[in-house]
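Q: Submitted below is the structure of interest, expressed as structure tokens.
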Amino acid sequence: MGTAIKDVFNLTLVSEIAAELHRAHTPFDATAFVAHSMDGLDKLELTGRAAHIAEALHKYLPKPFSEAAAVIEAALGPELPATGEIGLIQLRYMPHLAFVQKYGLDDYEASIRVQEELTKRFTAEFSIRAFLVKYPERTYAQMLAWTGHENAHLRRLASEGVRPRLPWAPRLHAYQQDPRPVLDILERLKDDPIFYVRRSVANNLNDIAKDHPALTIETCRRWAVDASEGRTWIIRHALRSLVKAGNKDAICILGGTKNPSVNIDDISITPQRVSLGEAVRLSFEMKSTATEAQRLLIDYAVHFVKANGGTRPKVFKLRTLTLQPNEKTTLNAIVSFAELKTRRHYPGRHRIDVLINGESYPLGDFELTL
């Protein structure tokens, strides 16, 4: 079995962090910091380990917070490249950001300054949210300013930090209710030269679509006019949840035919009985019955059985293609029932549908046994 991500926080890394801080500030008690950090660390998960080490930082870094922040800045390693490729080693800065989030809230200026530096080496997208809540106008103004920063990591933070539904973070309810301030930030970043930033813009807009689909459609329709290749990618990625939900306006923005005309034939779902850890193979033929070419956005939905015996569909992207009149094609997919931490499988009949430009066509079902 592979090493768990949480295990990146081990004696070796904690000792490295201690040495970095001691070099930056010789009164820092590296030995005591390591002992405090390691006490009970192995019983904690990833975020718990970061928080535990943050408590040790609070105990052994100087007071007040502004002095501690200065030590952290002086101890920082090299910046990440603008591509934003974050490896496990960058997790070393999770405790530093947890420290800022918990202990720096009463020192806005020092906290913003150190988060500027930390986000160039990891990401301050989680910690900055506490400042958006406590200092909404001041922090939002800073986010707007970061959209024009020369550093791509700060431009990305301007978008990622205000995502209303950022995964693994508390939601920003004010922006869920009124996302227009978020859209003002995204407007400034929609043509950013760095893909790392544009990907954040797309994910942010996809978040907004879950609460304000019409506003997202309006934004994407406007952005689609004379769109560059980079902005076109943003639009396509931002509309992915609406497309999966069958939103006709989203599909039309992406060039999909409004009322597709197709026949589905030669359906194969094998095996008909599958066990946990195995996979089902899906195949079907699709033929155009239209008199003109059709652009088709094709997904498939697996209706997974829930614990109570009911089902809930999960939509998977399959393919986007153009079919000429009478043209046909064969499409294939694999549904895996490997054990996952993110989804628990339950026995029973699982139905599969294909979604073509938002319209559902039943394909059949199969039995999962445990």
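The values are calculated or read from the model by the stated rules, or taken from the named source; none is laboratory data. Just so it is clear, the structure is predicted and the values come from calculations on it, not from any experiment. With ideal geometry, Cβ positions are generated from the backbone for all residues, glycine too; neighbour counts draw on all protein chains shown. These accessible areas exclude ligands, DNA and RNA; they are computed on the full protein's heavy atoms, side chains included. Shrake-Rupley method; radii C 1.70, N 1.55, O 1.52, S 1.80 Å.
Q: Just give me the residues in the range 11-36 being without any contact (Cβ under 8 Å) to a residue 24 or more places away in the chain and open to solvent by 60 Å² or more (accessible area, probe 1.4 Å), in sequence order.
A: Taking the range 11-36 and keeping what is without any contact (Cβ under 8 Å) to a residue 24 or more places away in the chain, we get 12, 15, 18-19, 22, 26, 30-31, 34-35.
The answer is Thr12, His22, Thr26, Thr31, Ala35.
Q: List, please: which pairs have Cβ atoms under 6 Å, are six or more places apart or on different chains, and start with a residue in the range 44-64 that is within 19 Å of Leu11 (Cβ to Cβ) and end with one that is open to solvent by 30 Å² or more (accessible area, probe 1.4 Å) and assigned to a loop (DSSP other than H, G, I, E, B)?
A: Short answer, once both residue conditions are applied: His52/Leu44; Tyr60/Asp29.
Q: Among the residues of the range 242-252 satisfying the criterion of being open to solvent by less than 40 Å² (accessible area, probe 1.4 Å) and without any contact (Cβ under 8 Å) to a residue 60 or more places away in the chain, which is farthest from the chain's Cα centre (by Cα)?
A: Only one residue fits best here, namely Ala250.
Q: Could you pull out the residue among Glu73, Glu67 that is touching a helix residue (DSSP H, G or I) at 6+ places or on another chain (Cβ under 7 Å), open to solvent by 30 Å² or more (accessible area, probe 1.4 Å) and in a helix (DSSP H, G or I)? Step through it out loud before you land on a result.
A: Working: Glu67 fails: touching a helix residue (DSSP H, G or I) at 6+ places or on another chain (Cβ under 7 Å).
Step by step, each of Glu73, Glu67 is checked, and only Glu73 is touching a helix residue (DSSP H, G or I) at 6+ places or on another chain (Cβ under 7 Å), open to solvent by 30 Å² or more (accessible area, probe 1.4 Å) and in a helix (DSSP H, G or I).
Q: Something else: Being open to solvent by less than 70 Å² (accessible area, probe 1.4 Å), more than 17 Å from Leu355 (Cα to Cα) and over 25 Å from the mean Cα position of the chain (by Cα) is the requirement here; does Val274 meet it?
A: Numbers: open to solvent by less than 70 Å² (accessible area, probe 1.4 Å): yes; more than 17 Å from Leu355 (Cα to Cα): yes; over 25 Å from the mean Cα position of the chain (by Cα): yes.
For Val274, the condition - open to solvent by less than 70 Å² (accessible area, probe 1.4 Å), more than 17 Å from Leu355 (Cα to Cα) and over 25 Å from the mean Cα position of the chain (by Cα) - is met.
Q: Hey, could you check the range 149-198 for residues that are in a helix (DSSP H, G or I) and small (Gly, Ala, Ser) and say which is surrounded by the fewest Cβ atoms within 10 Å (Cβ to Cβ)? Give the steps one after another, and end with the answer.
A: To start, the set of residues in the range 149-198 that are in a helix (DSSP H, G or I) comprises 152-160, 173-177, 180-189, 195-198.
Then drop every residue that is not small (Gly, Ala, Ser), which leaves 152, 158-159, 174.
Numbers: Ala152: 20, Ala158: 26, Ser159: 28, Ala174: 16.
Within the range 149-198, the match that is surrounded by the fewest Cβ atoms within 10 Å (Cβ to Cβ) is Ala174.
Q: Further, regarding this structure: Restricting attention to the range 201-233, and to residues there that are outside any helix (DSSP H, G or I) and not hydroxyl-bearing (Ser, Thr, Tyr), which single residue is most open to solvent (accessible area, probe 1.4 Å)? Show your work before the answer.
A: The first filter runs over the range 201-233 and keeps only residues outside any helix (DSSP H, G or I), leaving 212, 224-228.
Filter once more, so that each one left must be not hydroxyl-bearing (Ser, Thr, Tyr): 212, 224-227.
Values: His212: 50, Ala224: 45, Val225: 93, Asp226: 144, Ala227: 33 Å².
If we take residues in the range 201-233 being outside any helix (DSSP H, G or I) and not hydroxyl-bearing (Ser, Thr, Tyr), then Asp226 is most open to solvent (accessible area, probe 1.4 Å).
Q: Still on this structure, please answer the following. Give the residue that is modelled with the highest pLDDT, with candidates limited to residues of the range 336-348 that are over 13 Å from Ala307 (Cα atoms) and open to solvent by 30 Å² or more (accessible area, probe 1.4 Å).
A: Of all residues in the range 336-348, those over 13 Å from Ala307 (Cα atoms) come to 336-342.
With open to solvent by 30 Å² or more (accessible area, probe 1.4 Å) added as a condition, the list becomes 336, 338-342.
Values: Ser336: 94, Ala338: 89, Glu339: 82, Leu340: 78, Lys341: 72, Thr342: 74.
The extreme case among them is Ser336.
Q: Let me ask something else about it. Does Ala333 satisfy the criteria of being surrounded by 12 or more Cβ atoms within 10 Å (Cβ to Cβ), modelled with pLDDT of 95 or more and closer than 25 Å to Ile217 by Cβ?
A: Details: surrounded by 12 or more Cβ atoms within 10 Å (Cβ to Cβ): yes; modelled with pLDDT of 95 or more: yes; closer than 25 Å to Ile217 by Cβ: no.
Judged against the criteria, Ala333 is not a match.
Q: Right, something else. Quick test of your reading of the structure: Met38 fulfils all but one of (1) under 30 Å from Lys341 (Cα atoms); (2) modelled with pLDDT under 95. Name the failing condition by number.
A: (2)
Q: Report whether or not Arg295 is over 27 Å from the mean Cα position of the chain (by Cα), within 22 Å of His237 (Cβ to Cβ) and at pLDDT 95 or above. Walk me through how you get there before you give the answer.
A: Details: over 27 Å from the mean Cα position of the chain (by Cα): yes; within 22 Å of His237 (Cβ to Cβ): yes; at pLDDT 95 or above: yes.
In short, yes.
Q: Taking Arg221, is it under 17 Å from Arg180 (Cα atoms) and basic (Lys, Arg)?
A: Working: under 17 Å from Arg180 (Cα atoms): yes; basic (Lys, Arg): yes.
Judged against the criteria, Arg221 is a match.
Q: Still on this model: Just one of the numbered conditions (1) surrounded by 14 or more Cβ atoms within 10 Å (Cβ to Cβ); (2) under 30 Å from the mean Cα position of the chain (by Cα) is not true of Met286; which one?
A: Of the numbered conditions (1) surrounded by 14 or more Cβ atoms within 10 Å (Cβ to Cβ); (2) under 30 Å from the mean Cα position of the chain (by Cα), the odd one out for Met286 is (2).
Q: Of the residues that sit in the range 128-148 and are over 18 Å from the mean Cα position of the chain (by Cα) and of a type in the set (Lys, Arg), which one is least open to solvent (accessible area, probe 1.4 Å)?
A: Initially, the range 128-148 is screened for residues over 18 Å from the mean Cα position of the chain (by Cα), giving 130-148.
When the remaining residues are screened for being of a type in the set (Lys, Arg), the result is 134, 138.
Working: Lys134: 96, Arg138: 115 Å².
Restricting to residues being over 18 Å from the mean Cα position of the chain (by Cα) and of a type in the set (Lys, Arg), the top hit is Lys134.
Q: Moving to a separate point now. Considering only residues that are of a type in the set (Phe, Trp, Tyr) and assigned to a loop (DSSP other than H, G, I, E, B), look in the range 107-127 and name the one that is least open to solvent (accessible area, probe 1.4 Å).
A: Applying the first criterion (of a type in the set (Phe, Trp, Tyr)) to the range 107-127 yields 108, 122, 126.
Those still in the list that are assigned to a loop (DSSP other than H, G, I, E, B) too: 122, 126.
Numbers: Phe122: 21, Phe126: 74 Å².
Of everything passing the filter in the range 107-127, Phe122 is least open to solvent (accessible area, probe 1.4 Å).
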